[in-house]
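The values are calculated or read from the model by the stated rules, or taken from the named source; none is laboratory data. Since this is a predicted model, take the numbers as computed values, not measurements. With ideal geometry, Cβ positions are generated from the backbone for all residues, glycine too; neighbour counts draw on all protein chains shown.
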């Protein structure tokens, strides 16, 4: 096991929750899980310093042992794409630093989950996207797809970009973002269409989780165990 990039087809598709569920379940199996947010935007201030709420959730899901300083490469206040948020703050994101951080975390854990922001082609730095980060480090990719109207198109676009770029794709997770009664068309229909047109494995359909239980990591681990096939995460993942 080594580092894996978790990306999404868009923002708001449940990428952090699914990553937390995977981290919680692997940790429950006594696998040492490292977590990392290369860039987190929309951050708040605490005691005069910015903190990343998503990064903290990832840390808690992985057992809470990782130092907070190592959780994110860059934190920005503006809720925007990383490159736009960095420019707004008068800063820059250095891809080399992201690489160094991921290698350091990877060296200390059995597996490292690197969670992107938004989608695969979101700009991080000048002429550098999350796809570029994945290619630079040969990171296998897990794609989180929010099951809703339009998701088949978004999923196939993302998977096509990965395939054309030669980036290894572990598979996709279909996240049931809305309660089942509001899930139109059904998650199963979306899963089958994406599989038919992409030939990329579906790791499972993650059930809807209400806001009250999204920080219940034992609950998320149980859902991951039941709904997701995580055995593929142990195969053909190169060591950095």
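Take the conditions (1) part of a loop (DSSP other than H, G, I, E, B); (2) over 20 Å from residue 17 (Cβ atoms); (3) touching a strand residue (DSSP E or B) at 6+ places or on another chain (Cβ under 7 Å); residue 98 misses just one of them, which is (1).
Only helices (runs of 4 or more DSSP H) wholly contained in the stretch 1-95 count here; list those with 3 or more residues that are buried (at least 24 other Cβ atoms within 10 Å of the Cβ) and touching a helix residue (DSSP H, G or I) at 6+ places or on another chain (Cβ under 6 Å).
Numbers: elements: 15-28, 53-61, 82-88.
Correct list: 15-28.
Checked across the stretch 121-142, the condition of being touching a strand residue (DSSP E or B) at 6+ places or on another chain (Cβ under 6 Å) and closer than 22 Å to residue 209 by Cβ holds for at least one residue. So, of the residues in the stretch 206-226 that are surrounded by 16 or more Cβ atoms within 10 Å (Cβ to Cβ) and modelled with pLDDT of 95 or more, which turns out to be nearest to residue 164 (Cα to Cα)? Result: 206.
Taken together, the residues in the stretch 106-130 that are part of a helix (DSSP H, G or I) and surrounded by fewer than 20 Cβ atoms within 10 Å (Cβ to Cβ) amount to 1.
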